[in-house]
Amino acid sequence: MKVGKLVQLLLPKVIEYCEQNDHMEFERLCDAGYSKRTFNINFPFLVEKGSLPSESSKRYWTNIYLVRGKTVLACSQWYEKDAVWFVEYLQRIGIDYDESQLEGLLLDAKVTSKQKASFRSRKANSRYRGNAIGNAQNLLVRNVLSNLGSEQFSEEDWLETKAYFNHKCAYCGEAKELVIEHAIPINKVYLGEHKLGNLVPSCKECNSAKASKDFREFLDGSDDKIAVIESYMDKQNYVPLENNEQVQMILEMAYREVGAVAERYITIINELFVHEDDNDEQHL
Ligand SMILES: [Zn+2]
């Protein structure tokens, strides 16, 4: 298989990994140095669509991907000899794939234009598509959880939060560069919110390692650090929604609804292509 095809076919898996396992990986994949070291390519693996200079656009595929709420393009400048770098990367982040299944998808791509429309709908049923909708569903849940209540987390709140934790990472206790971290993650499992009390300072390493774990799970064994975060939540009157079955059920409903909306629009757009193909044939 050509390396370019391989990369394009597995890109949704890499994006899924960025969304669910390692939030910092997306930033790294946008970095030229990391891309060179990881894949031996000479351009950032991913770029935000809006920030790509027009002279570089020929070095990126035209497909648009949604990663962490941003629309991105992926670098197309791969040499065949570098396929091994990509494969090693997939192994490192724990993505396994079935080469014969990929070959099947490629064969599908070679069908004649007459079959194109049916290919499109068949491809839409493959497991690769599910990831993209999953992103939209998770983003919706994030958006809802981030906007509950009326209070806003201000710059001042952030300064006070850092001061409370003595300008140290709430997890490892080191005085490093700090980023805003949600102690209880914002997803439909944990129901964390973007509110004073749930936002704690974290170094980039801990933020990346914690990913979508709950702070108690991540700090397992460090009862003193867990206690500090819990008493900070108390102090800020932050009452976590966790285990609120009603909220969980409502979010589950929203999650499914977005899936259904996506399904509806995929069908509508697929229909559009069916008719376009019909027109092509009439012109021939
Ligand atoms: Zn840390």
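The values are calculated or read from the model by the stated rules, or taken from the named source; none is laboratory data. All values derive from a computational prediction rather than experimental measurement. As a convention, Cβ positions derive from the backbone with ideal geometry for all residues, glycine included, and neighbour counts pool all protein chains shown.
Can you find a residue in the stretch 185-193 that is more than 26 Å from ARG256 (Cβ to Cβ) and either loosely packed, with under 15 Cβ neighbours inside 10 Å or within 10 Å of the ligand (Cβ to nearest atom) (or both)? The answer is no; no qualifying residue exists.
Residue-wise test of (1) in contact with a Phe, Trp or Tyr (Cβ under 6 Å, 6 or more places away or on another chain); (2) without any contact (Cβ under 8 Å) to a residue 60 or more places away in the chain.
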position: PRO12; (1), (2): yes, no
position: GLN20; (1), (2): no, no
position: GLU25; (1), (2): no, no
position: PRO53; (1), (2): no, yes
position: LEU66; (1), (2): no, no
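Give the stretch 194-209 a look and list any residue that's near the ligand (Cβ under 10 Å from one of its atoms) and closer than 22 Å to ALA136 by Cα, or say none. Correct list: SER208 only. Screening ASP224 against (1) crowded, with 17+ Cβ neighbours inside 10 Å; (2) away from the ligand (no atom under 11 Å from the Cβ); (3) not in a loop (DSSP other than H, G, I, E, B) leaves a single unmet condition, (1).
Run down ASN237, ASN207 and say which single residue is within 22 Å of LEU159 (Cα to Cα) and under 22 Å from the mean Cα position of the chain (by Cα). Lay out the reasoning, then the answer.
Details: ASN237 fails: under 22 Å from the mean Cα position of the chain (by Cα).
Testing whether each residue is within 22 Å of LEU159 (Cα to Cα) and under 22 Å from the mean Cα position of the chain (by Cα) leaves just ASN207.
Of the numbered criteria (1) over 27 Å from the mean Cα position of the chain (by Cα); (2) within 15 Å of the ligand (Cβ to nearest atom); (3) surrounded by fewer than 15 Cβ atoms within 10 Å (Cβ to Cβ), the one LYS213 fails is (1). Listed here are the helices (runs of 4 or more DSSP H) enclosed by the stretch 1-97 that have at least 3 residues being more than 18 Å from the chain's Cα centre (by Cα): 3-20, 32-39, 83-92. Of the residues making up the stretch 18-40, those that are at pLDDT 90 or above and either of a type in the set (Phe, Trp, Tyr) or within 14 Å of TYR65 (Cα to Cα) (or both) are PHE26, LEU29, CYS30, TYR34, PHE39.
Look at ALA175 and say whether it is aliphatic (A, V, I, L, M) and either over 23 Å from the mean Cα position of the chain (by Cα) or not assigned by TED's automatic domain parsing to the domain that holds ILE229 (or both). Full working, then the answer.
Numbers: aliphatic (A, V, I, L, M): yes; either over 23 Å from the mean Cα position of the chain (by Cα) or not assigned by TED's automatic domain parsing to the domain that holds ILE229 (or both): yes.
Against the criterion (aliphatic (A, V, I, L, M) and either over 23 Å from the mean Cα position of the chain (by Cα) or not assigned by TED's automatic domain parsing to the domain that holds ILE229 (or both)), ALA175 qualifies.
Could you please let me know if GLU160 is farther than 25 Å from LEU140 by Cβ and either touching an Asp or Glu at 6+ places or on another chain (Cβ under 8 Å) or not hydrophobic (A, V, I, L, M, F, W, C) (or both)? The answer is yes for GLU160.
Only one entry in ALA83, ALA74 is under 24 Å from GLN20 (Cα atoms), small (Gly, Ala, Ser) and modelled with pLDDT of 85 or more, namely ALA74.
Hey, among LYS13, LYS36, LYS5, which residue is closer than 28 Å to ASP214 by Cβ and either in the same structural domain as ASN207 (by TED's automatic domain parsing) or of a type in the set (Lys, Arg) (or both)? Spell out how you get there, then give the answer.
Working: LYS36 fails: closer than 28 Å to ASP214 by Cβ; LYS5 fails: closer than 28 Å to ASP214 by Cβ.
Going through LYS13, LYS36, LYS5 in turn, just one is closer than 28 Å to ASP214 by Cβ and either in the same structural domain as ASN207 (by TED's automatic domain parsing) or of a type in the set (Lys, Arg) (or both): LYS13.
Restricting to the stretch 145-184, what's the tally of residues that are part of a loop (DSSP other than H, G, I, E, B), away from the ligand (no atom under 16 Å from the Cβ), among the small types (Gly, Ala, Ser) and surrounded by 12 or more Cβ atoms within 10 Å (Cβ to Cβ)? Spell out how you get there, then give the answer.
Quick first cut of the stretch 145-184, residues part of a loop (DSSP other than H, G, I, E, B) only: 147-154, 165-177, 183-184.
Filter once more, keeping what is away from the ligand (no atom under 16 Å from the Cβ): 147-154, 184.
With the extra rule that they be among the small types (Gly, Ala, Ser), the set shrinks to 149-150, 154.
With the extra rule that they be surrounded by 12 or more Cβ atoms within 10 Å (Cβ to Cβ), the set shrinks to none.
So the answer is 0.
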